[in-house]
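Notes to accompany the following structure.
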Amino acid sequence: MPRKTPLAVILVAITATQSLASGDPAKGEKLFNRCTSCHAIIRNNEVLVKGGITGPNLYDVVGRVAGTENDYRYGGPRLPVGMFTDDMIRAGDQGLVWTTENIAAYSRDPIGFIRTFLADDTARPNMSVKLKKGADDIAAYLATFSAP
Ligand code: HEC
């Protein structure tokens, strides 16, 4: 049986993280090579930052509901099939919207972050990178590709 975390506990944890986060986008740009093996940044078919197709396009990711990037969800010119895991789609269905704060937390421990969000210790999202340093800076850099 998965252990359930009360919603109030999650909300307090999210608020606490938000007040601490502050990243430097210029530093994040240099560190983004940690992500480009799997992620590109593409605006309307224009490749702004080259990257692999293993992960979803990160253009406009801040403010986006998790698991909804169209090509990566349903397939498209770059991807023959939809690739989001059921757990990432479930997180979006349950209200996960990406912010600089939670992208930083997710980048430090993707599986742990999604398990905590879903209150489901069996969840298995498909990103195994664990960033030790610079997550806030990378998140701030990604925000420069998102509408304010
Ligand atoms: C080894 C490949 C790989 C690397 C490297 C990687 N990711 Fe990912 N990322 C993925 C995959 C695969 C997913 C989709 C996960 C799922 O569906 O469970 C993903 C999903 C995401 C999402 C959610 C996107 C959405 O639309 O819901 C964000 C945000 C993200 N990654 C940020 C990063 C950042 C920041 C880095 C660099 C620190 C990074 N990733 C490095 C493979 C990777």
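The values are calculated or read from the model by the stated rules, or taken from the named source; none is laboratory data. Just so we're clear, the structure is a prediction, and the values are computed from it rather than from any experiment. Using ideal geometry, Cβ is built from the backbone for each residue, glycine included, and neighbour counts are taken over all protein chains shown.
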The stretch 1-43: number of residues that are loosely packed, with under 13 Cβ neighbours inside 10 Å, small (Gly, Ala, Ser), modelled with pLDDT of 95 or more and not in a loop (DSSP other than H, G, I, E, B): 1
Answer from Ile103, Ile111 - the residue that is surrounded by 22 or more Cβ atoms within 10 Å (Cβ to Cβ) and hydrophobic (A, V, I, L, M, F, W, C): Ile103
Residue within the stretch 116-134 that is without any contact (Cβ under 8 Å) to a residue 60 or more places away in the chain, among the small types (Gly, Ala, Ser) and buried (at least 18 other Cβ atoms within 10 Å of the Cβ) present: yes
Filter result for Ala105 (of a type outside the set (Val, Ile, Thr) and either in a helix (DSSP H, G or I) or within 7 Å of the ligand (Cβ to nearest atom) (or both)): yes
Scan of the stretch 56-77 for residues that are outside any helix (DSSP H, G or I) and near the ligand (Cβ under 7 Å from one of its atoms), ordered by number: Pro56, Leu58, Val61, Arg64, Ala66, Gly67, Thr68, Glu69
Residues within the stretch 72-109 that are farther than 21 Å from Arg124 by Cβ and either modelled with pLDDT under 95 or in contact with a strand residue (DSSP E or B) (Cβ under 7 Å, 6 or more places away or on another chain) (or both), tallied: 5
Contacts under 7 angstrom Cβ, first residue in the stretch 62-84 being at positive phi, partner within 10 Å of the ligand (Cβ to nearest atom) and assigned to a loop (DSSP other than H, G, I, E, B), 6 or more apart: Gly63/Trp98; Gly67/Phe84; Gly75/Gly82
